[in-house]
Structure formats: C-alpha cells, structure tokens
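Encoded as structure tokens, the structure appears first; notes follow it.
The values are calculated or read from the model by the stated rules, or taken from the named source; none is laboratory data. Quantities reported herein were computed from a predicted structural model and do not represent experimental measurements. Cβ: placed from backbone, ideal geometry, glycine included. Neighbour counts: every protein chain shown. The protein model used for the area step is the full one, side chains on, heavy atoms only, and it has no ligands, DNA or RNA in it. Shrake-Rupley method; radii C 1.70, N 1.55, O 1.52, S 1.80 Å.
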Amino acid sequence: MNIVMEGLKGEQSIAEICRQHNISQTLYYRWKDEFIQGGMAALSGKQRKTAKEDAAVQAKLDEYEQLIGKLTVKLSKLKKRSTSE
C-alpha cells in the first residue's frame, strides 16, 4: 500500500518508485487498481460485513477444518491398511 501511495503523491515517477522497490511497473499498476477498487467498495459499503456474518464464516471454516482433520485421519488409516496387506 505504501508503494501505491508514493505513486499517487506524484513526487516521483512510477518508474523511479518501481526501481527503488525492485518491482515491475505492471505489478505497481495492478496494485494501484486493486487499491482503488478496494477504496471504492469500502466507500460504497459493499465490503462491510457484520459481526454476525463474520461469525458465520468462521463457524463454516471451523466445520471444514474438522472435516479435513477427520478425512486426513481416515486416509492415514487406509494407507496403513493397504501397505500392511
């Protein structure tokens, strides 16, 4: 974000900023576009999530992590069985 902010200030050319930070201008402009889109979305209120929505997402992630754990254990047992036969 700081690199994009440097470019938006206009005190140095984009080429100079990219050379200083050892990044390509293409990458800088991609970051700039994402930065601007994120700002526009934030100002329009589209990115705002409620605590309830965050909790629901976290609950779903927890559920998936448990499922992955169970499947990993099951896979491990099946591999042990297949190598012992």
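Projected onto their three principal axes, the Cα atoms of segment 1-44 cover extents of 34, 19, 12 Å, largest first.
Taking R0 as 35 Å, what FRET efficiency do you get between K70 and K32 from their Cβ-Cβ distance, rounded to the nearest 0.05? Efficiency computed from Cβ-Cβ geometry: 0.20. Solvent-accessible area assigned to carbon and sulfur over the chain amounts to 55 percent, based on a 1.4 Å probe. Simple rule: put +1 on each Lys or Arg Cβ and -1 on each Asp or Glu Cβ in the chain, find the dipole, and look at L43, Q66, I14; the Cα lying farthest toward the positive end is Q66.
How big is the convex hull of the Cα atoms of the chain, per residue, in Å³?
Numbers: hull volume 13.6 nm³, N = 85.
Roughly 160 Å³ of hull volume per residue.
Extending 7 Å from Cα along the Cβ direction at A56 and again at R81 yields two label points whose distance is 3.8 nm.
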